[in-house]
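Beneath this line is the structure, given in structure tokens, with notes to follow.
The values are calculated or read from the model by the stated rules, or taken from the named source; none is laboratory data. Every value quoted in this text rests on a predicted model; they were computed, and no experiment measured them. Here Cβ is always computed from backbone atoms with ideal geometry, including for glycine, and neighbour counts include all displayed protein chains. Heads up: the accessible areas ignore ligands, DNA and RNA and are worked out on the full protein's heavy atoms, side chains in. Shrake-Rupley method; radii C 1.70, N 1.55, O 1.52, S 1.80 Å.
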Amino acid sequence: MLEEVPIHATLPCSDFERAKAFYADKLGLNPASESPGGAFYHAGRGTRFFLYPSAGTASGAHTQMGFAVDDIDASVRDLKARGVTFEEYDFEAFDKATSTAQTGPVRSAWFKDTEGNLLGLVQLN
């Protein structure tokens with residue numbers, strides 16, 4: 001029933017203007033459309049996500065949205081140069097020097113937006 005329907009992530013924000021500034025300044029993403037209820041952002045290959053004002057708080061306890069990248073090392077470097085702070089974890093597969101985790105053929109890195117949403121980068125090999 002839903003296998004042919006497009007999907008999108010939805011991310012809450014307590015400060016809509018601050019969140020939009022983060023996505024523009026740090027990630028290079030600008031709203032494709034905007035209304036009082038929130039803003040849609042377009043990403044690669046026809047994907048999109050919705051950022052919306054909310055009185056609730058993002059848990060940040062799990063990845064809420066991921067970006068599939070071809071070169072995670074370059075992506076982490078570029079985002080760090082733009083002022084993005086990556087999360088650090090204490091488990092064997094996590095390399096603090098590169099801010100990435102290697103689990104089998106998959107490499108991942110995580111950062112939070114200004115609203116506490118946990119976002120991920122993933123390189124699928």
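Kindly indicate whether residue 45 is exposed (fewer than 13 other Cβ atoms within 10 Å of the Cβ) and closer than 16 Å to residue 28 by Cα.
Against the criterion (exposed (fewer than 13 other Cβ atoms within 10 Å of the Cβ) and closer than 16 Å to residue 28 by Cα), residue 45 does not qualify.
From the list 47, 114, 85, 63, exactly one residue is β-branched (Val, Ile, Thr) and farther than 28 Å from residue 6 by Cβ. Which is it?
85
Count of the stretch 1-20 residues, restricted to those that are part of a loop (DSSP other than H, G, I, E, B) and exposed (fewer than 12 other Cβ atoms within 10 Å of the Cβ), is 7. Within the stretch 52-71, the set of residues being under 13 Å from residue 113 (Cβ atoms) and among the β-branched types (Val, Ile, Thr) comprises 57, 63.
Entry remark, the stretch 90-102: residues being open to solvent by less than 80 Å² (accessible area, probe 1.4 Å) and either without any contact (Cβ under 8 Å) to a residue 24 or more places away in the chain or touching a Ser or Thr at 6+ places or on another chain (Cβ under 8 Å) (or both) number 6 in total. Are any residues in the stretch 103-112 open to solvent by 10 Å² or more (accessible area, probe 1.4 Å) and either in a strand (DSSP E or B) or touching a Cys at 6+ places or on another chain (Cβ under 9 Å) (or both), and if so, which ones? Across the stretch 103-112, the qualifying residues are 103, 106, 107, 108, 110, 112.
Residues in the stretch 49-62 that are surrounded by 15 or more Cβ atoms within 10 Å (Cβ to Cβ) and either among the hydroxyl-bearing types (Ser, Thr, Tyr) or under 16 Å from the mean Cα position of the chain (by Cα) (or both): 49, 50, 51, 52, 54, 58, 60.
When 24, 74 are checked against the criterion of being without any contact (Cβ under 8 Å) to a residue 40 or more places away in the chain, closer than 17 Å to residue 112 by Cα and either open to solvent by less than 40 Å² (accessible area, probe 1.4 Å) or of a type in the set (Lys, Arg) (or both), 24 stands alone in meeting it. Listed by first and then second residue, the pairs linking a residue in the stretch 38-61 that is touching a residue at least 12 places away in the same chain (Cβ under 8 Å) and part of a strand (DSSP E or B) to a residue that is open to solvent by less than 80 Å² (accessible area, probe 1.4 Å) and basic (Lys, Arg), with Cβ atoms under 9 Å apart and 6 or more places separating them unless they lie on different chains, are 39/20; 51/20. Confirm whether residue 67 is within 25 Å of residue 39 (Cα to Cα) and surrounded by 14 or more Cβ atoms within 10 Å (Cβ to Cβ). Yes, satisfied. Scanning the stretch 45-102 for residues that are at positive phi and at pLDDT 95 or above turns up 83, 99.
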